[in-house]
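Chemist: This is the structure I have questions about; it appears just below.
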Amino acid sequence: MIDLVQLRREPDFVKEALARRGILSSTMDEIIALDVEHRRLLQDAERLRAEVKDLSRQVGEARRNKDTATAQALTEKSRSIGEQESAASAKTDEVAGDLRSRLLLIPNLPSPEVPIGKDETENVELRRWWPGMQDGKPEPVYAEHQRKPHWEIGLELGLLDMESGAKIAGSMFPLYRGFGSRLLRALGFYALDQHMGDYEELRPPSFALTETMMSTGHLPKSQDDMYAIERDDLWAIPTSEVPLTSMLRDQILDPKTLPIRYTAQTACFRREAGSAGKDTRGLLRVHEFDKVELFAYCLPEQAEAAHADILARAEAMLQAFGLSYRVLNLCTGDLGTSSAKTIDLEVFSPGVDRYLEVSSVSWFRDFQARRANVRYRTEDGSTALVHTVNGSALAWARIWAALVETGRQSDGSIVLPDVLAPYLGGKTVIPA
């Protein structure tokens, strides 16, 4: 959540920042008014509570003095004020719940370097990379044999079976076969090995409690895009960012231990409720996919370096795979609810003739930590909220698609990156 103290102290600054994300000033004025009312009610309830406590003391004194009449009168007065206090507390809780519900829907303040824009069409391209660029080679021109979409290649070579996936679980659930399945596994193993030593590898549950989902900001904003198991108060995780953000929930950390870095590969589940009208063929948009996530808890002054490290790792792997990609600074209209800044990596997939998002590297400031209550001890002995940073390194479904399309040869075989050979039994060619 945003910082309510900052909203009280700098209302115009907060409203101006959120206006860049389309949040009306009137919406924030309503929240400010609720906050004022809540604090007033809280003071009233505390005053009444103090009166009841004082009256209880007076009743005790009257009874010790054998003054039954005074004790009875004070007891009745205490009971009356106690009823007022109960009503005031109930009203305070009601307003507090309303205030929290509204705050949970307010997005993070965007960083100043985030461009203003209405949607993904107004994201700003920062740079591109392609094989041979460092040697002065121009962007690659893809041959006709590379222009075949991955779902056709996958079917032709027995690597991808969307029809069987749909038979088992419904549309947009892929089923990989044979070498296609092995390639998917190899990508995950390769990535985890690249991060070993610097990031602690975890294998978290694939399901999370509502409280855990709230910590990242996925709830309540994005509940329509997620799979719920209502009977058990569980949600299928849309990314391992969810469990990683709650690893240290409700803890106070020693600043000397920061940054704390985690990595995990998990299945990720997304209903893609907003995908109507979008291309959902093959692996372009699926309900389940594997992804390696990198995550860091850090001090505010460490956040920039933590963000740069994750981005560099994701780019290094794309370069090792020999995939052309571009780097985008997401505009305010495309920024995730919890993010203050997000850099996307998109690989070019020649068979579908488009760039596909394969990584989002985000800095959340203390937005998620405030929900998860993750703090560190400051030098003066007080506590402050950590910052969180995370990014995909990488999401495999679209990487798989780009590799299959880019590596396709004129004879129909596929040549894969040499860096994957140790994970593919030494093989880097899928025969035609």
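Chemist: Give me the helices (runs of 4 or more DSSP H) completely within segment 1-111, filtered to those with at least 1 residues that are more than 28 Å from the chain's Cα centre (by Cα), ordered by residue number.
Modeler: By residue number, 25-64, 68-103.
Chemist: Conditions: (1) more than 16 Å from the chain's Cα centre (by Cα); (2) under 30 Å from residue 348 (Cβ atoms); (3) of a type in the set (Asp, Glu). Residue 200 meets all but one. Number of the miss?
Modeler: All conditions pass for residue 200, except number (2).
Chemist: List every residue pair whose Cβ atoms sit under 8 Å apart, with the two residues 6 or more apart in sequence or on different chains, where the first one lies in segment 277-303 and is in contact (Cβ under 8 Å) with a residue 40 or more places away in the chain and outside the structural domain of residue 198 (by TED's automatic domain parsing) and the second, anywhere, is in a strand (DSSP E or B) and buried (at least 18 other Cβ atoms within 10 Å of the Cβ).
Modeler: none
Chemist: Kindly indicate which of 378, 388 is assigned by TED's automatic domain parsing to the domain that holds residue 293 and more than 16 Å from the chain's Cα centre (by Cα).
Modeler: Residue meeting the stated conditions: 378.
Chemist: Let me ask you something else. Just checking, how many residues over segment 385-414 are in a strand (DSSP E or B) and either out of contact with any helix residue (DSSP H, G or I) (no Cβ under 9 Å at 6 or more places or on another chain) or touching a residue at least 24 places away in the same chain (Cβ under 8 Å) (or both)?
Modeler: Selection size over segment 385-414: 11.
Chemist: Farther than 23 Å from residue 343 by Cα and not aliphatic (A, V, I, L, M) - does that describe any residue in segment 107-120?
Modeler: No, segment 107-120 contains no residue that is farther than 23 Å from residue 343 by Cα and not aliphatic (A, V, I, L, M).
Chemist: Restricting to segment 245-270, give me the number of residues that are among the basic types (Lys, Arg) and surrounded by fewer than 18 Cβ atoms within 10 Å (Cβ to Cβ).
Modeler: 2
Chemist: From the list 37, 61, 30, 46, which one is surrounded by fewer than 19 Cβ atoms within 10 Å (Cβ to Cβ), outside the structural domain of residue 339 (by TED's automatic domain parsing) and in contact (Cβ under 8 Å) with a residue 60 or more places away in the chain?
Modeler: 30
Chemist: How do the pairs read when you match residues in segment 202-219 that are closer than 22 Å to residue 188 by Cα with residues anywhere that are hydroxyl-bearing (Ser, Thr, Tyr) and not in a helix (DSSP H, G or I), using Cβ under 7 Å and keeping only pairs 6 or more apart or on different chains?
Modeler: Between residues of segment 202-219 that are closer than 22 Å to residue 188 by Cα and residues that are hydroxyl-bearing (Ser, Thr, Tyr) and not in a helix (DSSP H, G or I), the close pairs are 202/262; 204/240; 204/266; 206/266.
Chemist: Which of the residues that make up segment 72-109 are of a type in the set (D, E, K, R) and surrounded by 15 or more Cβ atoms within 10 Å (Cβ to Cβ)?
Modeler: Correct list: 77, 85, 91, 98, 102.
Chemist: Then there is this: Among (1) of a type outside the set (Asp, Glu); (2) within 17 Å of residue 348 (Cβ to Cβ); (3) touching a Cys at 6+ places or on another chain (Cβ under 9 Å), there is one condition residue 408 misses while meeting the rest; what is its number?
Modeler: (3)
Chemist: Filter segment 221-239 down to residues that are touching a residue at least 40 places away in the same chain (Cβ under 8 Å), surrounded by 14 or more Cβ atoms within 10 Å (Cβ to Cβ) and closer than 29 Å to residue 109 by Cβ, then give me how many there are.
Modeler: The qualifying residues number 5.
Chemist: Here's something else I'd like to know. Could you say whether any residue in segment 349-359 is surrounded by fewer than 21 Cβ atoms within 10 Å (Cβ to Cβ), of a type outside the set (S, T, N, Q) and farther than 27 Å from residue 133 by Cα?
Modeler: no
Chemist: Could you please find all residues in segment 298-324 being farther than 14 Å from residue 391 by Cβ and not polar (S, T, N, Q)?
Modeler: Within segment 298-324, 299, 300, 301, 320, 321, 322, 323 qualify.
Chemist: Go through segment 271-299 and give me each residue that's small (Gly, Ala, Ser) and surrounded by 15 or more Cβ atoms within 10 Å (Cβ to Cβ).
Modeler: Result: 275, 282, 296.
Chemist: Could you identify the single residue in 85, 94 that is of a type outside the set (Ser, Thr, Tyr), over 21 Å from residue 343 (Cβ atoms) and in contact with a Leu (Cβ under 6 Å, 6 or more places away or on another chain)?
Modeler: Just a single option satisfies the conditions, and that option is 85.
Chemist: Quick check: anything in segment 204-219 hydrophobic (A, V, I, L, M, F, W, C), touching a Gly at 6+ places or on another chain (Cβ under 6 Å), crowded, with 17+ Cβ neighbours inside 10 Å and part of a loop (DSSP other than H, G, I, E, B)?
Modeler: Within segment 204-219 (the criterion being hydrophobic (A, V, I, L, M, F, W, C), touching a Gly at 6+ places or on another chain (Cβ under 6 Å), crowded, with 17+ Cβ neighbours inside 10 Å and part of a loop (DSSP other than H, G, I, E, B)), the answer is no, since none of the residues qualifies.
The values are calculated or read from the model by the stated rules, or taken from the named source; none is laboratory data. All figures in this text were calculated on a predicted structure; none of them were measured in a lab. Positions of Cβ are backbone-derived with ideal geometry, glycine not excepted, and every protein chain shown enters the neighbour counts.
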